[in-house]
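Structure, as structure tokens:
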Amino acid sequence: MRRILLLISIFAVLPAFPAAAAEVDLRAENKHSVAVIIGNKRYSGRLPEVSFAHNDAAAVGRYVTEVLGYRKGNVMDLRDATKAQLEATFGTEKRPRGRLFNWVRAGRSNITVYYSGHGVPGLQDRRSYLLPVDGDPNLAEITGYPVELLYANLAKIDARSVTVLIEACFSGESPKGLLVRAASGITLVAKRPEGAAGLTVLTAAANDQLASWDEKAKLGLFTKHLLDALYGAADSSESGDADGRVTLVEVERYLEEEMSYAARRRFNRQQRATVLGNADRVLATVTPGMIAKSISLEEMQGNFTVKSGANVRRAPSTRAPKVAFLAKDAEVRVSGKVKGSNWYRVERHGRPLGFVFEEGKNLFINGKVGETSNKFTEMIISLSSNHPLAYGFFSIILVILFGILFSYAREFLHYMRYDFDKKKYSFFK
């Protein structure tokens, strides 16, 4: 009877386990999601470089993997992409099924496409083009990749959602000078093709405006403020409703209030983001009341052992949700340090986990990962971070086994008595 009561008391605590799984819902939702991150910095010929394009791509890449939970293997990272690479990735007009189409799981994948680089107008058709690094801005219709074609081909993919983010302008100018000869007077209307329902599109500026750079953050002005918005600033009481969900309309409002204001004040120019899509669509979730600015990281590469237990959080803040726990002697890879703080970005088994805080330089022991690591601890950490449901059931089984062993041990000790006549321990019932 005592054993039955013990097991009932154990199962009474089971409802606590789903809460642990809830913390990683975002990562679970994006298990099969695919991202294409493009940073075009160095162009051929005499075209000026896009100074911070690689920084932009790295920052957005970190966001989709560490916050949205995209797997690194599902992120196409293209630096200084040629026209051939763009066509191979997104397809052409006659053959719209490129690499991205093949990577997507029908109806199960979300898609994020990010581009930072030059954009140019077509001198003949006056459409908007992404400019590959081997392209000629004066021959955009031949050497560029049409934005309309990008939208049209993305709309043909059976994805749960498609988000397109473009850090470029299509005025024929750049912060370093004109890209297109005799570009003055060109007016463009970049339209979303018919049948492209479900696309969410944000571009850095209107077609007749210049996309600015943030020299201090070393990012595009649009990218810097967009990441701030997605990390939670757009959900604040000033531009949102502080409900923990960052919607498209909140991002649009934040960009108008912050990015457009910064362009006017710092550069004396107009820059207003172009936004297309369902205004109520949720782009990100955050902990209500927590606003995390875009993160500036010092790159690191090293394997370390954890000296004491540490919580892993989704963002470098104690108010960010916990996504895992590192036990003592666990081995991790540290891939970055947040500038100006003791927050470190950590990885396990080739996948980003999140951020841990080192207090007083007492968290890590430097050392190479060896063959003598605690395999049981490795398994527990892997289960808790990547498979929370399995971790929950595994924990339940351990608790039940412990309860049964405790019951038998208690019964054993209850009946074990010292026999003074025989001068030894014996069972008495």
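Amide H contacts of Met300: Gly336, Lys337, each under 5 Å away and 5 or more positions distant or on a separate chain (H built 1.01 Å from N in the peptide plane; Pro and chain starts excluded).
For region 31-285, report the % of Cα-Cα distances exceeding 22 Å. Tail of the P(r) past 22 Å holds 51 percent of the pairs.
Placing pseudo-labels 7 Å out from each Cα toward the beta carbon at Tyr408 and Arg97 gives an inter-label distance of 5.8 nm.
The listed peptides 60-71, 153-164, 42-53, ordered by packing as a protection proxy, come out as 60-71, 153-164, 42-53 (highest mean of other Cβ atoms within 10 Å first).
For region 41-106, the Cα gyration tensor yields ellipsoid semi-axes of 23, 21, 6 Å (square root of five times each eigenvalue, largest first, whole Å).
Using the 10 angstrom Cβ neighbour count as an exposure proxy, how do Leu149, Leu255, Leu405 rank, fewest first? Don't jump to the answer; show the numbers that get you there.
Working: Leu149 21, Leu255 26, Leu405 10.
The fewest-first ordering by Cβ neighbours comes to Leu405, Leu149, Leu255.
Under the rule a/c < 1.5 gives rounded, and otherwise a/b versus b/c splits prolate from oblate, where does region 240-288 land using the Cα gyration tensor?
Values: a/c = 3.86, a/b = 1.89, b/c = 2.04.
Since a/c reaches 1.5 but b/c is at least a/b, the shape of region 240-288 is classed as oblate.
Exactly which GluC sites (Glu not before Pro) in region 78-158 are in a DSSP loop and have at most 13 other Cβ atoms within 10 Å? It would help to have the intermediate numbers written out before the result.
Values: sites: Glu87, Glu93, Glu141, Glu148; in loops: Glu93.
Within region 78-158, the qualifying GluC sites (Glu not before Pro) (loop, at most 13 other Cβ atoms within 10 Å) are Glu93.
Measuring nothing but how far apart in sequence close Cα pairs (under 8 Å, 6+ apart) lie, relative to its length, region 19-171 scores a relative contact order of 27 percent.
Counting neighbouring Cβ atoms within 10 Å and putting the fewest first, the residues Phe170, Phe101, Phe394 line up as Phe394, Phe101, Phe170.
Computed from the coordinates by the stated procedures, all read-outs in this text should not be read as laboratory data. Keep in mind the model is a prediction, meaning the values are calculated, not measured. As a convention, Cβ positions derive from the backbone with ideal geometry for all residues, glycine included, and neighbour counts pool all protein chains shown.
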